[in-house]
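Engineer: Here it is, the structure, as structure tokens.
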Amino acid sequence: MHAIRTEGLTKHYSVGFWRSRPYVALDNLNLEVAAGEVFGFLGPNGAGKTTTLKLLMQLIFPTAGRAWILDRPVGDVAMRRHIGYLPENPTFYDNVSAEELLGYFAALFGYRGEERRRRVSTLLDEVGLGAERRLQLRKYSKGMIQRVGLAQALINDPEVVFLDEPMSGLDPIGRRDVRDIILRLRDRGATVFFSSHILGDAEALCNRVGIVANGKLAASGSLAEMVPFRIRGWDLVLAGVTADAAAALAARGAAATVIGDSRYHVVLPSTASSEEAIALAKSVGAELVAINPVRDTLEDFFMAHVQQGPRRSFD
Amino acid sequence: MRTIGLVALHVFRDSVRDKVLYSIVAFAVILMAVSYLIGQLTAGEDLKIIKDLGLAAMSLMGLFIAVFIGIGLIAREIDRRSIYAVLAKPVRRHELLLGKYIGLVGTLFVNLAVMALAYYLVLAYIGSTLSEAALRAASAPPTDPRLLLAVMMIGLELALVTALALFWSTFSSSALLSAGLTFGLYVAGQFGADLKNFEQVVKSPAAGLIGRALYYLLPNFAAFDIKTEVVHALPLQPGYLALTAGYAFVYIALLLTASVMIFARRDFK
Amino acid sequence: MKAVTGTVAGVAAIAVLMATIVRLQMVRERWFPQSEPAQQILYVSSPAVLTRLALSYDALVSDLRASFKSLR
């Protein structure tokens, strides 16, 4: 059984005054997500990520194709008891509090009385909303609304969670919190399907990714195996570099630039492993401040890949 | 059923706290108080004028509330995409729509009740200031319970307006357009007599036919107006009221059915 | 299939409801005919009130009055 499956999912919009020009938002999407996976759905803005999520939530209807969640067709209302959804940049209702909103949603799932109160309270704790939970939502900041959104997506302990740009609008602490929540969901055995245009989000969390551009699935598979995302080299920041050390670095063929008071930015080719890079720093007697892998960005990938044509699988 | 009730309760809670509604109701209450002053300007007709003015204020303010919340019902919710999270829950689209309608009509009735209370208070106050002779001379007592009938008719009329606003909002993406259409139909619905007699204005049988067809099909809001009868203590037939109430219910059912059908098939871009 | 029956049922319901509202109006008119006065007159007893009600549109009101008079 697949947690999520689509078959030829297509969405055309008619634009133009006489509704004559079709705009292809999504073209023939075939996707499978296994239960328990954390699946990253990546792509630039306008690629079709939100369209896909809206088709899965049946907020819009497909022009062609079908989709299933937990082996039930997406229109199935009973199936919705087991899923959660966080829309992109969510807004809710101005004049109710977070507590009341979650209470409402919990009631829609059928929770009553003490259990409902407990769930609401626990979830608000989990997303980090304290006394603010009693304030009306129109007083909330964007980050707080995002947290409320996350809470309402998880109120029913869903088996499959759909998150549309879950990190947007959050500061670094918030982003880390969301990351933790997703990891906890994974540990609980839930399936997480989240969309993002930031590759870094996917790296830390996903088993597999799918990449869309211009409404088509360009690639899918495990991130590590995707050739374009292999590590090309290492980016080091060294401090305390003496003149001798600089000479030694030059001898090793490492491109080095001065970025400050005896700080150097060094780029090593991919033939080096991370251990070698760290050893290099030690050998020239410098302090290693930072080390980052150099790889193509998602944007580089699109530039190269989208021109190439139909989807390739790296599974 | 239970789901509809949950949605209705939530919608009621959200909209009854809306600040704009407070302003509208406050304005109506102020109008009531001011009507007392206007009553002082006329010679001896104050009671009738105040009753008329009060009912008119309730009707007009109520209209604004009905259109405002009716549009807010769907148009604002879609615009702000707050509908996305709800529709992903185990709620059917028609349950959402019906729950919203009930919740908002509930809000409307609460606001109407507040205005009616202010109305009665003003009338009671005036009644206490009138002399015995003046009270006997008046055709109806200041706090005439029949006024409540007029208020109820206003309530029914506005429930119909809300259903109309809801209907437009289900497929129009522009809140302004929906509001305009609703107001327009409300005005048109007041000119029932003219529509029926359209043939007398544009002398052609085809025009007469169209006029009569429109008269019967468009919501006839003028029929809900029993203000004159109530204020001037003229007789009211219960049969008329029953038929009008029935008309309101059936028309609301019609609008809700159409709205549900459209809403169920709509893409939420 | 289910969608089609739903649509048909909905359209049928709408047709029935429309017929009902037309019928209700006709019945109401037959049983409770609203007499319409031959001439619609708005009677304000006090000229002082009328002036005040006209707010700042005094000129407009007097114009309207003059034009109505000429129509009759």
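Engineer: Spot the failing condition for A:PRO62; the list is (1) more than 9 Å from chain B (Cβ to nearest Cβ); (2) on the phi > 0 side of the Ramachandran plot, and only one is missed.
Structural biologist: Just one mismatch for A:PRO62, condition (2).
Engineer: Here's another thing I want to ask about it. Only one residue in A:LEU124, A:LEU135, A:LEU102 is within 12 Å of another protein chain (Cβ to nearest Cβ) and not β-branched (Val, Ile, Thr), so which one is that? Break it down into steps so the answer makes sense when it comes.
Structural biologist: Details: A:LEU124 fails: within 12 Å of another protein chain (Cβ to nearest Cβ); A:LEU135 fails: within 12 Å of another protein chain (Cβ to nearest Cβ).
Answer to the selection: A:LEU102.
Condition check ((1) more than 26 Å from C:THR7 (Cβ to Cβ); (2) outside any helix (DSSP H, G or I); (3) at pLDDT 85 or above; (4) of a type in the set (D, E, K, R)) across all residues:
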| position | (1), (2), (3), (4) |
| --- | --- |
| B:PHE183 | yes, no, yes, no |
| B:ASP194 | yes, no, no, yes |
| B:GLN200 | yes, no, no, no |
| B:LYS203 | yes, yes, no, yes |
| B:THR228 | yes, no, no, no |
| B:GLY239 | yes, no, yes, no |
| B:TYR251 | no, no, yes, no |
| B:THR257 | no, no, yes, no |
| B:PHE268 | no, yes, yes, no |
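Engineer: With (1) buried (at least 16 other Cβ atoms within 10 Å of the Cβ); (2) at the interface with chain B (Cβ under 10 Å from one of its Cβ atoms); (3) at pLDDT 90 or above as the list, and A:ALA25 as the residue in question, which single condition is left unmet?
Structural biologist: (3)
Engineer: Residue by residue through region B:217-237, note down the ones that are of a type in the set (Val, Ile, Thr) and either free of Cβ contacts under 8 Å to residues at least 12 places away in the same chain or loosely packed, with under 14 Cβ neighbours inside 10 Å (or both). Explain how you work it out, then say what you get.
Structural biologist: Our first condition is that a residue be of a type in the set (Val, Ile, Thr); within region B:217-237, this holds for B:226, B:228, B:230-231.
Of everything in region B:217-237, just one residue is of a type in the set (Val, Ile, Thr) and either free of Cβ contacts under 8 Å to residues at least 12 places away in the same chain or loosely packed, with under 14 Cβ neighbours inside 10 Å (or both), namely B:THR228.
Engineer: Now, a different point. Restricting attention to region A:72-91, which residues are closer than 16 Å to B:TYR84 by Cα, at the interface with chain B (Cβ under 7 Å from one of its Cβ atoms) and free of Cβ contacts under 8 Å to residues at least 60 places away in the same chain?
Structural biologist: A:VAL77, A:ARG80, A:PRO90, A:THR91
Engineer: Still on this structure, I have one more. From the list B:TYR125, B:TYR120, B:TYR84, pick out the single residue that is under 20 Å from the mean Cα position of the chain (by Cα) and of a type in the set (Phe, Trp, Tyr).
Structural biologist: So the residue among B:TYR125, B:TYR120, B:TYR84 that is under 20 Å from the mean Cα position of the chain (by Cα) and of a type in the set (Phe, Trp, Tyr) is B:TYR120.
Engineer: Can you find even one residue in region A:272-280 that is within 25 Å of A:ILE198 (Cα to Cα), surrounded by fewer than 17 Cβ atoms within 10 Å (Cβ to Cβ) and modelled with pLDDT under 70?
Structural biologist: no
Engineer: Oh, and also: If a residue counts only when it is surrounded by fewer than 20 Cβ atoms within 10 Å (Cβ to Cβ), which strands (runs of 3 or more DSSP E) contained entirely in region A:35-140 have at least 3 such residues? Can you show your working first?
Structural biologist: Numbers: elements: A:38-42, A:64-69, A:83-86.
Fully inside region A:35-140 and qualifying: A:64-69.
The values are calculated or read from the model by the stated rules, or taken from the named source; none is laboratory data. Bear in mind the structure is a predicted one, so any value in this text is a computation, not a measurement. Note that we place each Cβ from the backbone using ideal geometry, even for glycine, and neighbour counts take in every protein chain shown.
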